[in-house]
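Some notes on the structure that comes next.
The values are calculated or read from the model by the stated rules, or taken from the named source; none is laboratory data. Just so we're clear, the structure is a prediction, and the values are computed from it rather than from any experiment. Because the Cβ atoms are built from the backbone with ideal geometry, glycine has one as well, and the counts that use them run over all protein chains shown. Heads up: the accessible areas ignore ligands, DNA and RNA and are worked out on the full protein's heavy atoms, side chains in. Shrake-Rupley method; radii C 1.70, N 1.55, O 1.52, S 1.80 Å.
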Amino acid sequence: MGSRTGDLVTRVQSAHRFDHDALFRFAADNVSGFPTNPSQFTVSQFGHGQSNPTFLIEVGSGSSLKRYVLRKKPPGKLLESAHAVDREFQVLKALGEHTQVPVPKVFCLCTDPTVIGTAFYIMEFMQGRIFIDPKLPNVAPGRRSAIYRATAKALASLHSADVDAIGLEKYGRRANYCKRQIDRWFKQYLASTSEGKPERNPKMFELVDWLRKSIPAEDSTGATSGLVHGDFRIDNLVFHPSEDRVIGIIDWELSTLGNQMCDVAYSCMHYIVNVQLDQEHVSEGLETTGLPEGMLSMPEFLLEYCSASGKPWPAANWKFYVAFSMFRAASIYTGVYNRWLMGNASAGERARNTGAQANELVESALSYIARQNVLPQHPPSVKRNMSPSYESLVDGSGRLVPNRKVLELRQKLIRFMETHIYPMEKEFSKLAQSDLRWTVHPEEERLKELAKREGLWNLFVPVDSAARAKRELAAFENKHDFSTRSFDQLFGEGLTNLEYGYLCEIMGRSVWAPQVFNCGAPDTGNMEVILRYGNKEQISEWLIPLLEGKIRSGFAMTEPQVASSDATNIECSIRRQGDSYVINGTKWWTSGAMDPRCRVLILMGKTDFNAPKHKQQSMILVDMQTPGIHVKRPLTVFGFDDAPHGHAEISFENVIVPAKNILLGEGRGFEIAQGRLGPGRLHHCMRLIGAAERGMELMAQRALSRKTFGKFIAEQGSFVSDLAKLRVELEGTRLLVLEAADHLDKFGNKKARGILAMAKVAAPNMALKVLDTAMQVHGAAGVSSDTVLAHLWATARTLRIADGPDEVHLGTIGKLELQRASKL
Ligand SMILES: Cc1cc2nc3c(=O)[nH]c(=O)nc-3n(C[C@H](O)[C@H](O)[C@H](O)COP(=O)(O)OP(=O)(O)OC[C@H]3O[C@@H](n4cnc5c(N)ncnc54)[C@H](O)[C@@H]3O)c2cc1C
């Protein structure tokens, strides 16, 4: 495990002492909520890190204890422009207030040196873990890759900050960063090695010469420019106390605007060289000594970064950036060594070897430059990053064995979820609980565009339905340009339902994810109806904008006054009148109809009340803006109204719809319902597998990190065997769902109805069990909105009713069983 942030402190070093009373007075006046009359006020120093001295302030005791972090300039004469704590404060404030980049919250800045001797600022203390050694000793192999992936994502997230939008446009000059940095750090090197100081190394001059000649063109064009951290290493990241995700990027002393590839190379230094303050010498990095089990290789780490940030593979200029990183580290180490000689290195005695290490870094940089190959020309295949249960399946071709294409999409999807969805969940929920709940978060629309670009769009469209719709559309050739890739992409990636099962599951891990990939309910079921049963006009008018993600849809079948699990009860009338139909009735639980983007409903009603029982019903496309449609209220599920999509009660009063909007023809509603509910129903089951997986993961993490009565929850009672039983149930249900998808592909809706019904009963019941146990393990937090569990549970619970209650499906399964027996 990593070190806990609170355990990294020691007594304040004598060279760094300051007036605690003055600090207390300042903090009490300037930090909102700072205790004014505490029982205790203590200051200790973080021993780790060694640029700007950093202190832990503890105010009060017991349950009223509050903790803060103070960062200040070191005492004494300092190198020009170094240790600018005011800049650190500025960047942290901008990122904290305007972005999702994980950083500690800052409270106040003091630039007056008379208060405690130097400028300083006070920020939030982050309770979490810091991994000081990049080899991650004492970390389970299975978690090492997750920690490295989170590291790559944190770097990508800070590199994605829009500096112009958050007031950091003047935080530095973007172009020619490397050129300026080489000059700056060489100047600092010269200053640290002038007369009477550490000896100069002639090889440093050789290195600088090579660097100056090899600066990549992208440095002057600004193509790779943006916010740069300047010291991005794993030990400058605070990880969540139990989950493998970054909650804070710290130590922003060297941040500026500039060439972001320098951060990337610097974050990979440990693969090439092993530089540790406590060691006498620089030694070989992980590339040579071997990767600890489970750890990502450097190309894998870079692949993770590139796909999260959208940056190209950096092979072309990699040698320069790595050599530059070593040069800069050598210059910094020389400065630290010089400060140690003067007696004010904040790392104290640990800095005694930095002089020798600086020279070894120069040596290593020159050897690196001399190497033939430093990074493969192309990114690695994704095989290594796969979750263990799929690793062995890559080249398999058996039934229920995903092929390479699916596995690659799956990995892309997993990365997208980790980079873009999970970090936004709180933000999406916040909007959905505010006065603006019925509006769409702009980030959702941005992520939709990103998902399209990444080829993660409309993955649900089954290959056979796509082919049918394209054939129908052929008559509209002038209107739609079939030849463009973007048009073709609207019809997904040519997957079967079975193949989609492996992907839909991942989307189900978050209630916010499916719509970002245009794979949310009820749209997928509705699009499937138009794909399979729509004529060319209906496809062109409604399906194309739905596939483009420009509009959304609802499915209006259920009615308040009749038991709608038996659709023959439905009373809404669809009466023919010339070239139109007139609709009258009330629907409720029309999911998605509250969404401001919802433009079309597929409505089921009766066109002939006297026809045979299953021929009375029809389905018709209804424009939401037609006069006579009144959205009466949003319904809630255990208090969740699922804004901004919602579940609406709607009345239809003489709603006049063009006759051409009827689907397939009068009296064919039941036939379509059977077709629609097959795939749409199964998508719910696939998503429930993902929701259960998320529950398992959160449950295990919580149990491994929380102690009650002296033991971790994981060590209590029958936890382990309970967890194992849930895993057995989950895996069994997953196989059932995949099997149902396979049947749907091979035999169609009607023949697959038995196994579809089994999946529809099994999936919500299994997910509910897992999520319920996960909530229990989380204690009160589990039932709150602080975790995703309660919302996932509420959604899973509705699926024992929505799309047909359990009893109806059990009836189908039982009937088929008896039929089989009667034929024996
Ligand atoms: C969150 C959510 C979203 C929904 N979204 C939509 C939507 O988008 N569009 C839409 O049209 N509808 C939607 N629904 C409605 C849903 O499909 C219906 O609620 C469902 O079909 C059951 O109909 P009902 O509520 O009228 O229950 P009823 O038909 O009144 O049934 C009530 C109960 O009777 C019992 N029962 C019924 N049949 C049998 C049987 N054969 N044997 C034994 N017991 C039985 C079951 O316990 C059942 O739960 C949604 C519902 C929810 C909760």
Regarding segment 259-279, can at least one residue be identified that is in the same structural domain as K179 (by the TED database) and at positive phi? no
If a residue counts only when it is open to solvent by 10 Å² or more (accessible area, probe 1.4 Å) and within 11 Å of the ligand (Cβ to nearest atom), which strands (runs of 3 or more DSSP E) contained entirely in segment 494-609 have at least 3 such residues? 580-591
Is it fair to say Q625 is more than 11 Å from the ligand (Cβ to nearest atom), surrounded by 23 or more Cβ atoms within 10 Å (Cβ to Cβ) and free of Cβ contacts under 8 Å to residues at least 60 places away in the same chain? no
Within the bounds of segment 387-406, is there any residue that is over 17 Å from the mean Cα position of the chain (by Cα) and modelled with pLDDT of 85 or more? yes
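It is to be established whether one or more residues within segment 540-551 are closer than 17 Å to Q674 by Cα, touching a residue at least 12 places away in the same chain (Cβ under 8 Å) and out of contact with any His (no Cβ under 6 Å at 6 or more places or on another chain). First the steps, then the outcome.
Keep residues of segment 540-551 that are closer than 17 Å to Q674 by Cα, which gives none.
No: segment 540-551 contains no residue that is closer than 17 Å to Q674 by Cα, touching a residue at least 12 places away in the same chain (Cβ under 8 Å) and out of contact with any His (no Cβ under 6 Å at 6 or more places or on another chain).
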I'd like to verify a number: residues in segment 107-122 that are touching a Lys or Arg at 6+ places or on another chain (Cβ under 8 Å) and either outside the structural domain of R71 (by the TED database) or open to solvent by 70 Å² or more (accessible area, probe 1.4 Å) (or both), how many? 0
Which condition number does L303 fail, the rest of (1) within 26 Å of Y177 (Cα to Cα); (2) touching a residue at least 40 places away in the same chain (Cβ under 8 Å); (3) surrounded by fewer than 16 Cβ atoms within 10 Å (Cβ to Cβ) being met? (3)
Residue in segment 611-619 that is within 14 Å of the ligand (Cβ to nearest atom) and part of a loop (DSSP other than H, G, I, E, B) present: no
P679 of a type outside the set (A, V, I, L, M) and under 35 Å from the mean Cα position of the chain (by Cα): yes
Residue in segment 758-770 that is within 19 Å of P679 (Cβ to Cβ), more than 16 Å from the ligand (Cβ to nearest atom), of a type in the set (V, I, T) and open to solvent by less than 70 Å² (accessible area, probe 1.4 Å) present: no
Restricting to segment 23-32, and then to whatever is in contact (Cβ under 8 Å) with a residue 12 or more places away in the chain and of a type in the set (G, A, S), can you tell me which residue is surrounded by the fewest Cβ atoms within 10 Å (Cβ to Cβ)? S32
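Does segment 98-106 include one or more residues that are touching a helix residue (DSSP H, G or I) at 6+ places or on another chain (Cβ under 6 Å) and either in the same structural domain as L168 (by the TED database) or farther than 24 Å from L168 by Cα (or both)? Show your work before the answer.
In the first step, residues of segment 98-106 are kept if they are touching a helix residue (DSSP H, G or I) at 6+ places or on another chain (Cβ under 6 Å); the result is 100-101, 103, 105-106.
Next cut, either in the same structural domain as L168 (by the TED database) or farther than 24 Å from L168 by Cα (or both) only: none.
No, the conditions are met nowhere in segment 98-106.
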So, in segment 804-820, of the ones that are open to solvent by less than 40 Å² (accessible area, probe 1.4 Å) and near the ligand (Cβ under 8 Å from one of its atoms), which residue ends up nearest to A556 (Cα to Cα)? G804
Out of everything in segment 633-664 that is within 11 Å of the ligand (Cβ to nearest atom) and in a loop (DSSP other than H, G, I, E, B), what residue ends up being least open to solvent (accessible area, probe 1.4 Å)? G646
If we scan segment 689-704, do we find a residue that is open to solvent by 50 Å² or more (accessible area, probe 1.4 Å) and not in a helix (DSSP H, G or I)? no
More than 30 Å from E349 (Cβ to Cβ) and in a strand (DSSP E or B) - does that describe any residue in segment 259-274? yes
For segment 151-256, which strands (runs of 3 or more DSSP E) that fit wholly inside it have 1 or more residues that are open to solvent by 10 Å² or more (accessible area, probe 1.4 Å) and assigned by the TED database to the domain that holds G310? 225-228, 246-249
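Can you spot a residue in segment 782-801 that is open to solvent by less than 20 Å² (accessible area, probe 1.4 Å), farther than 23 Å from M686 by Cβ and not hydrophobic (A, V, I, L, M, F, W, C)?
At the first step, the residues of segment 782-801 found to be open to solvent by less than 20 Å² (accessible area, probe 1.4 Å) are 782, 789-790, 792, 794, 796, 799.
Checking which are farther than 23 Å from M686 by Cβ leaves us with 782.
Of the ones still in play, those that are also not hydrophobic (A, V, I, L, M, F, W, C) are 782.
Checked against the condition, which is being open to solvent by less than 20 Å² (accessible area, probe 1.4 Å), farther than 23 Å from M686 by Cβ and not hydrophobic (A, V, I, L, M, F, W, C), segment 782-801 yields at least one hit.
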Members of segment 33-71 found to be surrounded by 15 or more Cβ atoms within 10 Å (Cβ to Cβ), assigned to a loop (DSSP other than H, G, I, E, B) and among the hydrophobic types (A, V, I, L, M, F, W, C), listed by number: F34
Do the conditions hold for I672, that is, is it touching an Asp or Glu at 6+ places or on another chain (Cβ under 9 Å) and open to solvent by less than 10 Å² (accessible area, probe 1.4 Å)? no
Could you pull out the residue among G732, G748, G717 that is away from the ligand (no atom under 16 Å from the Cβ), part of a loop (DSSP other than H, G, I, E, B) and not hydroxyl-bearing (S, T, Y)? G717
